[in-house]
Amino acid sequence: MATQRTFSIIKPDATARNLTGKINAKFEEQGLRVVAQKRMRLSRLQAREFYIVHKDRPFYDELVEYMVSGPVVVQVLEGDNAVLKNREIMGATDPAKAAPGTIRKEFGVDVGQNSVHGSDSSENAATEIAFFFSGIEIVG
Ligand code: CMP
């Protein structure tokens with residue numbers, strides 16, 4: 001598998017507990033490189049647009065309010081098979097179902113406050129990266 005990029009968010013529950021470094025260590029130890037990163041407060045509009053695919057889900061409003069409740073760190077991760085590898089490093093969406101050693105198992109609070117977001121396909125990764133970063137901000 002060739003080098004690939006994926007999009008990641010370190011969510012408010014994790015930034016509140018000062019876990020950015022520990023989460024980045026998981027990525028780096030398992031072969032992903034942080035090639036772009038910025039800490040920001042999402043506006044409600046940005047959060048609604050970013051998660052628009054979930055607009056009809058019962059948890060959409062709760063998800064948006066949570067994502068604007070504190071700082072996030074948005075990132076581009078690069079490596080072999082980065083989309084799938086990141087999903088393995090994150091673990092299952094629900095921390096209670098995540099495998100030992102994964103970010104969500106170690107740090108996640110519940111299915112909403114699950115510490116990280118990661119793209120679920122290379123197509124979505126490209127869309128999500130372009131939502132937050134311009135080309136000159138990504139340095140591989
Ligand atoms: P994420 O990978 O960011 O993509 C969508 C998010 O919706 C997901 O992680 C969860 O944090 C969140 N989510 C999924 N199911 C629920 C739920 N039942 N209640 C609240 N949030 C949810």
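For the range 42-140, what does the alpha-carbon gyration tensor say about shape, rounded, prolate or oblate, given a ≥ b ≥ c as the root eigenvalues, a/c under 1.5 as rounded, and a/b over b/c as prolate? It is oblate, given that a/c is not under 1.5 and a/b is not larger than b/c. Can you grab the distance from the C-alpha centre of the range 90-109 to the C-alpha centre of the range 1-65, Å, no decimals? Rounded to whole Å, the Cα centres lie 15 Å apart.
The relative contact order of the range 8-89, computed from alpha carbon pairs under 8 Å that lie at least 6 residues apart in sequence, is 50 percent. For the chain, the dipole from Cβ point charges (+1 on Lys and Arg, -1 on Asp and Glu) about the Cα centre works out to 280 debye, to the nearest 20. Considering only alpha-carbon pairs that sit under 8 angstrom and 6 or more positions apart, the relative contact order computed for the chain is 38 percent. Tell me what the chain gives for mean residue ellipticity at 222 nm when only DSSP H runs of n ≥ 4 count, each as -39,500 (n - 2.57), the sum divided by the residue total, rounded to 500 deg cm²/dmol. For the chain, the value works out to -10500 deg cm²/dmol. Couplings 3J(HN,Hα) of the range 40-53, computed from phi: 8, 9, 6, 6, 4, 4, 4, 5, 4, 5, 4, 9, 4, 5 Hz, in residue order, whole Hz [Karplus 6.51 cos²θ - 1.76 cosθ + 1.60, θ = phi - 60°; x for Gly and Pro].
Quick note: the coordinates plus some simple rules give every number you see, no bench work behind them. Being a predicted model, the structure only gives us computed values, none of them experimental. Note: ideal-geometry Cβ built from the backbone for every residue, glycine included; neighbour counts use all protein chains shown.
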